[in-house]
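> Got a structure for you, questions after.
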Amino acid sequence: MTIQWFPGHMAKARREVTEKLKFVDIVFELIDARLPISSRNPMLDEIIQHKPRLILLNKADLADPVQTRKWQTFFSTQGYTALSLNSQKGTGIKQIIPASQEILKEKRERQKARGMKEQPIRAMIIGIPNVGKSTLMNRLVKKNVAQTGNRPGITKGQQWLKVGNQLELLDTPGILWPKFEDELIGKKLALTGAIKDTLLHLDDIALFAIDFFNTYYQQQYGKRYQLSAEELQLDKVEQLMLITKKRGFREDYERASEMLVQEIRNGLVGPFTLDRAEEWEAEKFGTDN
Ligand SMILES: Nc1nc2c(ncn2[C@@H]2O[C@H](COP(=O)(O)OP(=O)(O)OP(=O)(O)O)[C@@H](O)[C@H]2O)c(=O)[nH]1
(Lines give C-alpha, C1' and ligand atoms only; values in the text may rest on other atoms or scores of the structure.)
Protein backbone atom coordinates (compact mmCIF):
# COMPACT_ATOMS: atom_id res chain seq x y z
CA MET A 1 0.00 0.00 0.00
CA THR A 2 1.17 3.51 -0.69
CA ILE A 3 -0.70 5.65 1.78
CA GLN A 4 1.27 7.35 4.50
CA TRP A 5 -0.88 8.81 7.18
CA PHE A 6 0.10 12.33 8.04
CA PRO A 7 -2.01 14.42 10.41
CA GLY A 8 -3.52 16.29 7.45
CA HIS A 9 -4.63 13.06 5.79
CA MET A 10 -6.06 11.78 9.03
CA ALA A 11 -8.07 14.91 9.64
CA LYS A 12 -9.40 14.82 6.08
CA ALA A 13 -10.32 11.14 6.29
CA ARG A 14 -12.06 11.74 9.56
CA ARG A 15 -13.99 14.71 8.14
CA GLU A 16 -15.09 12.67 5.14
CA VAL A 17 -16.30 9.80 7.28
CA THR A 18 -18.15 12.16 9.64
CA GLU A 19 -19.85 13.80 6.66
CA LYS A 20 -20.94 10.50 5.16
CA LEU A 21 -22.19 9.09 8.45
CA LYS A 22 -25.16 11.43 8.29
CA PHE A 23 -26.52 9.49 5.35
CA VAL A 24 -26.28 5.96 6.72
CA ASP A 25 -28.27 3.80 9.13
CA ILE A 26 -25.39 1.48 9.96
CA VAL A 27 -21.62 1.24 9.67
CA PHE A 28 -19.94 -1.94 8.47
CA GLU A 29 -16.63 -1.94 10.32
CA LEU A 30 -14.32 -4.12 8.27
CA ILE A 31 -11.40 -5.54 10.19
CA ASP A 32 -8.78 -8.17 9.45
CA ALA A 33 -9.68 -11.44 11.18
CA ARG A 34 -5.98 -11.98 11.88
CA LEU A 35 -5.88 -8.66 13.73
CA PRO A 36 -9.25 -8.01 15.36
CA ILE A 37 -7.80 -5.24 17.52
CA SER A 38 -4.75 -3.97 15.65
CA SER A 39 -6.59 -3.47 12.36
CA ARG A 40 -9.18 -1.22 13.95
CA ASN A 41 -9.08 2.52 14.02
CA PRO A 42 -8.45 3.45 17.64
CA MET A 43 -10.77 6.43 17.43
CA LEU A 44 -13.64 4.79 15.62
CA ASP A 45 -15.97 4.85 18.62
CA GLU A 46 -15.43 8.57 18.92
CA ILE A 47 -15.80 9.16 15.19
CA ILE A 48 -18.98 7.21 14.59
CA GLN A 49 -20.51 8.09 17.95
CA HIS A 50 -23.57 5.95 18.55
CA LYS A 51 -24.19 4.88 14.99
CA PRO A 52 -25.18 1.20 14.88
CA ARG A 53 -22.34 -1.01 13.79
CA LEU A 54 -21.82 -4.46 12.32
CA ILE A 55 -18.30 -5.84 12.70
CA LEU A 56 -17.00 -7.86 9.77
CA LEU A 57 -13.95 -10.04 10.35
CA ASN A 58 -12.60 -10.21 6.82
CA LYS A 59 -9.90 -12.51 5.39
CA ALA A 60 -11.17 -15.17 7.77
CA ASP A 61 -9.75 -17.75 5.34
CA LEU A 62 -6.27 -16.62 6.44
CA ALA A 63 -7.09 -16.54 10.17
CA ASP A 64 -7.09 -19.23 12.84
CA PRO A 65 -10.74 -20.41 12.95
CA VAL A 66 -10.59 -21.16 16.69
CA GLN A 67 -9.46 -17.59 17.38
CA THR A 68 -12.07 -16.16 15.01
CA ARG A 69 -14.82 -17.88 16.99
CA LYS A 70 -13.35 -16.58 20.23
CA TRP A 71 -13.26 -13.08 18.83
CA GLN A 72 -16.87 -13.33 17.70
CA THR A 73 -17.80 -14.26 21.27
CA PHE A 74 -15.63 -11.45 22.60
CA PHE A 75 -17.36 -8.87 20.42
CA SER A 76 -20.77 -10.22 21.32
CA THR A 77 -19.97 -9.66 25.00
CA GLN A 78 -19.29 -6.05 23.99
CA GLY A 79 -22.77 -5.87 22.46
CA TYR A 80 -21.66 -6.19 18.84
CA THR A 81 -22.44 -8.74 16.18
CA ALA A 82 -19.27 -9.84 14.40
CA LEU A 83 -19.48 -11.93 11.24
CA SER A 84 -16.61 -13.89 9.79
CA LEU A 85 -16.07 -13.29 6.06
CA ASN A 86 -14.01 -14.23 3.08
CA SER A 87 -14.79 -11.38 0.70
CA GLN A 88 -12.69 -12.91 -2.04
CA LYS A 89 -14.83 -16.04 -2.21
CA GLY A 90 -18.02 -14.53 -0.82
CA THR A 91 -18.21 -16.80 2.24
CA GLY A 92 -20.31 -15.26 4.99
CA ILE A 93 -21.60 -12.42 2.80
CA LYS A 94 -25.20 -13.66 2.90
CA GLN A 95 -25.41 -13.02 6.62
CA ILE A 96 -24.75 -9.30 6.27
CA ILE A 97 -28.30 -8.21 5.41
CA PRO A 98 -30.09 -10.33 8.07
CA ALA A 99 -27.56 -9.27 10.70
CA SER A 100 -28.04 -5.59 9.80
CA GLN A 101 -31.81 -5.99 9.91
CA GLU A 102 -31.54 -7.53 13.34
CA ILE A 103 -29.33 -4.70 14.63
CA LEU A 104 -31.76 -2.08 13.30
CA LYS A 105 -34.91 -3.99 14.21
CA GLU A 106 -36.20 -1.72 16.95
CA LYS A 107 -35.59 1.47 15.02
CA ARG A 108 -37.30 0.05 11.95
CA GLU A 109 -40.25 -1.14 13.98
CA ARG A 110 -40.65 2.33 15.48
CA GLN A 111 -40.59 3.85 12.00
CA LYS A 112 -43.19 1.35 10.84
CA ALA A 113 -45.42 2.16 13.80
CA ARG A 114 -45.26 5.83 12.80
CA GLY A 115 -46.55 4.82 9.36
CA MET A 116 -43.22 5.30 7.56
CA LYS A 117 -42.63 3.18 4.50
CA GLU A 118 -39.92 0.55 4.87
CA GLN A 119 -36.74 1.74 3.17
CA PRO A 120 -33.64 -0.23 2.20
CA ILE A 121 -30.97 -0.11 4.89
CA ARG A 122 -28.27 2.40 4.05
CA ALA A 123 -24.75 1.41 5.01
CA MET A 124 -21.15 2.41 4.55
CA ILE A 125 -18.03 0.32 4.84
CA ILE A 126 -15.25 1.66 7.05
CA GLY A 127 -11.83 0.12 7.40
CA ILE A 128 -8.08 0.60 7.31
CA PRO A 129 -6.16 0.41 4.00
CA ASN A 130 -5.93 -3.00 2.33
CA VAL A 131 -8.44 -4.70 4.62
CA GLY A 132 -10.65 -5.64 1.66
CA LYS A 133 -13.17 -2.80 1.41
CA SER A 134 -13.27 -2.79 -2.40
CA THR A 135 -13.35 -6.57 -2.60
CA LEU A 136 -16.33 -6.69 -0.25
CA MET A 137 -18.12 -3.95 -2.12
CA ASN A 138 -17.68 -5.73 -5.41
CA ARG A 139 -18.92 -8.96 -3.86
CA LEU A 140 -21.99 -7.33 -2.40
CA VAL A 141 -22.88 -5.42 -5.53
CA LYS A 142 -21.87 -8.36 -7.75
CA LYS A 143 -19.99 -6.26 -10.26
CA ASN A 144 -16.76 -4.38 -10.45
CA VAL A 145 -17.70 -1.06 -8.99
CA ALA A 146 -14.52 -0.52 -7.06
CA GLN A 147 -11.17 -1.55 -8.35
CA THR A 148 -9.47 -3.68 -5.75
CA GLY A 149 -6.08 -2.45 -4.69
CA ASN A 150 -7.10 1.02 -5.78
CA ARG A 151 -6.58 4.09 -3.66
CA PRO A 152 -9.62 6.07 -2.62
CA GLY A 153 -10.11 9.01 -4.92
CA ILE A 154 -11.73 12.38 -4.59
CA THR A 155 -15.10 12.29 -2.88
CA LYS A 156 -17.90 12.54 -5.38
CA GLY A 157 -21.57 13.21 -4.69
CA GLN A 158 -23.14 10.46 -2.60
CA GLN A 159 -23.84 7.49 -4.80
CA TRP A 160 -25.71 4.48 -3.62
CA LEU A 161 -25.08 0.98 -4.83
CA LYS A 162 -28.03 -1.36 -4.60
CA VAL A 163 -27.55 -4.73 -2.96
CA GLY A 164 -30.82 -6.45 -3.85
CA ASN A 165 -33.71 -4.31 -2.66
CA GLN A 166 -32.94 -4.41 1.04
CA LEU A 167 -29.57 -2.73 1.26
CA GLU A 168 -27.92 0.33 -0.26
CA LEU A 169 -24.22 0.87 0.07
CA LEU A 170 -22.36 4.14 -0.14
CA ASP A 171 -20.13 3.88 -3.21
CA THR A 172 -16.96 5.09 -1.49
CA PRO A 173 -15.84 3.32 1.65
CA GLY A 174 -14.52 5.25 4.62
CA ILE A 175 -10.81 4.74 4.96
CA LEU A 176 -9.28 5.22 8.39
CA TRP A 177 -5.87 4.56 9.83
CA PRO A 178 -4.66 1.91 12.27
CA LYS A 179 -2.50 2.73 15.29
CA PHE A 180 0.73 1.83 13.57
CA GLU A 181 2.96 4.11 15.64
CA ASP A 182 2.75 1.44 18.35
CA GLU A 183 5.72 -0.82 17.56
CA LEU A 184 4.04 -4.15 18.21
CA ILE A 185 0.93 -3.18 16.29
CA GLY A 186 3.17 -1.91 13.49
CA LYS A 187 4.91 -5.28 13.24
CA LYS A 188 1.62 -7.13 13.22
CA LEU A 189 0.22 -4.86 10.52
CA ALA A 190 3.38 -5.24 8.47
CA LEU A 191 3.26 -9.02 8.71
CA THR A 192 -0.25 -9.09 7.26
CA GLY A 193 0.66 -6.56 4.56
CA ALA A 194 -1.51 -3.76 5.93
CA ILE A 195 1.31 -1.22 5.99
CA LYS A 196 4.12 -0.41 3.65
CA ASP A 197 7.11 -2.73 3.90
CA THR A 198 9.51 0.18 3.89
CA LEU A 199 8.10 1.47 7.16
CA LEU A 200 9.82 -1.35 9.00
CA HIS A 201 12.85 -3.49 8.29
CA LEU A 202 11.89 -6.78 6.68
CA ASP A 203 14.27 -8.74 8.88
CA ASP A 204 12.61 -7.24 11.97
CA ILE A 205 9.24 -8.39 10.70
CA ALA A 206 10.66 -11.83 9.86
CA LEU A 207 12.19 -12.22 13.33
CA PHE A 208 8.95 -11.12 14.92
CA ALA A 209 7.13 -13.72 12.79
CA ILE A 210 9.56 -16.48 13.78
CA ASP A 211 9.01 -15.68 17.45
CA PHE A 212 5.27 -15.57 17.03
CA PHE A 213 4.98 -18.80 15.05
CA ASN A 214 7.24 -20.60 17.52
CA THR A 215 4.94 -19.56 20.31
CA TYR A 216 1.56 -20.22 18.73
CA TYR A 217 1.87 -22.27 15.55
CA GLN A 218 5.13 -24.14 15.89
CA GLN A 219 3.97 -27.27 14.12
CA GLN A 220 2.80 -25.66 10.90
CA TYR A 221 5.83 -23.37 10.85
CA GLY A 222 8.33 -26.16 11.55
CA LYS A 223 6.78 -28.27 8.83
CA ARG A 224 6.88 -25.54 6.20
CA TYR A 225 10.55 -24.73 6.83
CA GLN A 226 11.63 -28.28 7.63
CA LEU A 227 12.93 -27.42 11.05
CA SER A 228 13.46 -30.33 13.42
CA ALA A 229 12.31 -30.28 17.05
CA GLU A 230 15.87 -29.44 18.05
CA GLU A 231 16.17 -26.66 15.49
CA LEU A 232 12.92 -25.20 16.76
CA GLN A 233 14.62 -24.76 20.13
CA LEU A 234 17.20 -22.39 18.61
CA ASP A 235 16.78 -18.68 18.96
CA LYS A 236 15.01 -16.69 16.25
CA VAL A 237 18.17 -15.36 14.58
CA GLU A 238 19.60 -18.86 14.30
CA GLN A 239 16.32 -20.10 12.92
CA LEU A 240 16.33 -17.37 10.28
CA MET A 241 19.90 -18.33 9.34
CA LEU A 242 18.85 -21.97 9.02
CA ILE A 243 15.83 -21.15 6.88
CA THR A 244 18.05 -19.01 4.65
CA LYS A 245 20.47 -21.90 4.19
CA LYS A 246 17.79 -24.53 3.68
CA ARG A 247 16.17 -22.41 0.97
CA GLY A 248 19.53 -22.10 -0.80
CA PHE A 249 19.80 -18.34 -0.27
CA ARG A 250 23.36 -18.67 1.08
CA GLU A 251 23.76 -15.70 3.42
CA ASP A 252 21.12 -13.51 1.86
CA TYR A 253 19.03 -13.00 5.00
CA GLU A 254 17.16 -10.10 3.45
CA ARG A 255 15.90 -12.36 0.68
CA ALA A 256 14.98 -15.09 3.15
CA SER A 257 13.16 -12.56 5.33
CA GLU A 258 11.16 -11.33 2.37
CA MET A 259 10.27 -14.86 1.34
CA LEU A 260 9.19 -15.77 4.85
CA VAL A 261 7.02 -12.68 5.28
CA GLN A 262 5.42 -13.13 1.84
CA GLU A 263 4.66 -16.79 2.50
CA ILE A 264 3.12 -16.04 5.88
CA ARG A 265 1.02 -13.21 4.42
CA ASN A 266 -0.27 -15.41 1.67
CA GLY A 267 -1.30 -18.14 4.07
CA LEU A 268 1.36 -20.65 2.99
CA VAL A 269 2.43 -21.23 6.58
CA GLY A 270 -1.19 -21.93 7.49
CA PRO A 271 -3.90 -19.82 9.07
CA PHE A 272 -2.92 -17.62 12.00
CA THR A 273 -4.28 -14.88 14.24
CA LEU A 274 -1.87 -12.34 15.64
CA ASP A 275 -4.17 -10.66 18.16
CA ARG A 276 -4.99 -13.37 20.69
CA ALA A 277 -8.55 -13.26 21.97
CA GLU A 278 -7.61 -14.56 25.41
CA GLU A 279 -5.22 -11.66 25.92
CA TRP A 280 -7.99 -9.12 25.59
CA GLU A 281 -10.19 -9.04 28.62
CA ALA A 282 -13.39 -7.12 28.25
CA GLU A 283 -12.19 -3.96 29.99
CA LYS A 284 -9.22 -3.58 27.67
CA PHE A 285 -11.47 -3.04 24.69
CA GLY A 286 -12.21 0.54 23.81
CA THR A 287 -10.96 3.75 22.34
CA ASP A 288 -7.49 3.63 23.83
CA ASN A 289 -6.45 0.36 22.20
N1 LIG B 1 -7.46 -14.09 1.31
C2 LIG B 1 -8.28 -13.05 1.25
N3 LIG B 1 -7.88 -11.94 0.61
C4 LIG B 1 -8.73 -10.90 0.55
C5 LIG B 1 -10.01 -10.94 1.16
N6 LIG B 1 -10.61 -9.74 0.94
C7 LIG B 1 -9.74 -9.01 0.24
N8 LIG B 1 -8.61 -9.68 -0.01
C9 LIG B 1 -7.40 -9.21 -0.73
O10 LIG B 1 -6.82 -8.15 0.01
C11 LIG B 1 -6.22 -7.20 -0.86
C12 LIG B 1 -6.76 -5.81 -0.57
O13 LIG B 1 -8.12 -5.78 -0.91
P14 LIG B 1 -8.86 -4.42 -1.34
O15 LIG B 1 -10.30 -4.76 -1.56
O16 LIG B 1 -8.11 -3.73 -2.42
O17 LIG B 1 -8.70 -3.59 0.01
P18 LIG B 1 -9.13 -2.09 0.33
O19 LIG B 1 -9.52 -2.07 1.75
O20 LIG B 1 -10.16 -1.63 -0.66
O21 LIG B 1 -7.76 -1.35 0.13
P22 LIG B 1 -7.40 0.24 0.00
O23 LIG B 1 -7.86 0.65 -1.37
O24 LIG B 1 -5.91 0.25 0.19
O25 LIG B 1 -8.09 0.98 1.08
C26 LIG B 1 -6.54 -7.66 -2.28
O27 LIG B 1 -5.40 -8.36 -2.77
C28 LIG B 1 -7.71 -8.60 -2.09
O29 LIG B 1 -7.79 -9.59 -3.08
C30 LIG B 1 -10.41 -12.14 1.85
O31 LIG B 1 -11.48 -12.26 2.45
N32 LIG B 1 -9.48 -13.15 1.85
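The values are calculated or read from the model by the stated rules, or taken from the named source; none is laboratory data. Since this is a predicted model, take the numbers as computed values, not measurements. Cβ atoms come from the backbone with ideal geometry, glycine included; neighbour counts cover every protein chain shown.
> Take the range 126-144 and flag every residue that is modelled with pLDDT of 90 or more, more than 8 Å from the ligand (Cβ to nearest atom) and not aliphatic (A, V, I, L, M).
Passing the criteria: only Arg139.
> Could you check the range 238-267 and list, in sequence order, the residues that are polar (S, T, N, Q) and under 20 Å from Ala33 (Cα atoms)?
We begin by selecting, within the range 238-267, every residue polar (S, T, N, Q); these are 239, 244, 257, 262, 266.
If the condition is that a residue be polar (S, T, N, Q) and under 20 Å from Ala33 (Cα atoms), then Gln262, Asn266 are the ones that fit.
> Take the residues in the range 38-68 that are without any contact (Cβ under 8 Å) to a residue 60 or more places away in the chain and in a loop (DSSP other than H, G, I, E, B), then tell me which one is nearest to the ligand (Cβ to nearest atom).
If we take residues in the range 38-68 being without any contact (Cβ under 8 Å) to a residue 60 or more places away in the chain and in a loop (DSSP other than H, G, I, E, B), then Lys51 is nearest to the ligand (Cβ to nearest atom).
> Sort through Leu207, Leu191, Leu200 and tell me the only one that's more than 25 Å from Ala11 (Cα to Cα), surrounded by fewer than 21 Cβ atoms within 10 Å (Cβ to Cβ), of a type outside the set (Gly, Ala, Ser) and assigned by TED's automatic domain parsing to the domain that holds Ala256. Before the answer, list the steps.
Values: Leu191 fails: surrounded by fewer than 21 Cβ atoms within 10 Å (Cβ to Cβ); Leu200 fails: more than 25 Å from Ala11 (Cα to Cα).
Checking each option against the conditions leaves just Leu207.
> Would the range 69-79 turn up any residue that is within 16 Å of the ligand (Cβ to nearest atom) and either of a type outside the set (Val, Ile, Thr) or at pLDDT below 95 (or both)?
Let us first name the residues in the range 69-79 that are within 16 Å of the ligand (Cβ to nearest atom), namely 71-72.
So of that shortlist, the ones also either of a type outside the set (Val, Ile, Thr) or at pLDDT below 95 (or both) come out as 71-72.
Looking through the range 69-79, at least one residue is within 16 Å of the ligand (Cβ to nearest atom) and either of a type outside the set (Val, Ile, Thr) or at pLDDT below 95 (or both).
> Note down all Cβ pairs under 8 Å where the first residue falls in the range 97-125 and is loosely packed, with under 10 Cβ neighbours inside 10 Å, the second is not charged (D, E, K, R), and they're at least six residues apart or on different chains.
Short answer, once both residue conditions are applied: Glu118/Gln111.
> Here is a follow-up. Name the single residue, out of those in the range 155-190 being touching a residue at least 60 places away in the same chain (Cβ under 8 Å) and in a strand (DSSP E or B), that is farthest from Ser100 (Cα to Cα).
So, considering only residues that are touching a residue at least 60 places away in the same chain (Cβ under 8 Å) and in a strand (DSSP E or B), the one farthest from Ser100 (Cα to Cα) is Ile175.
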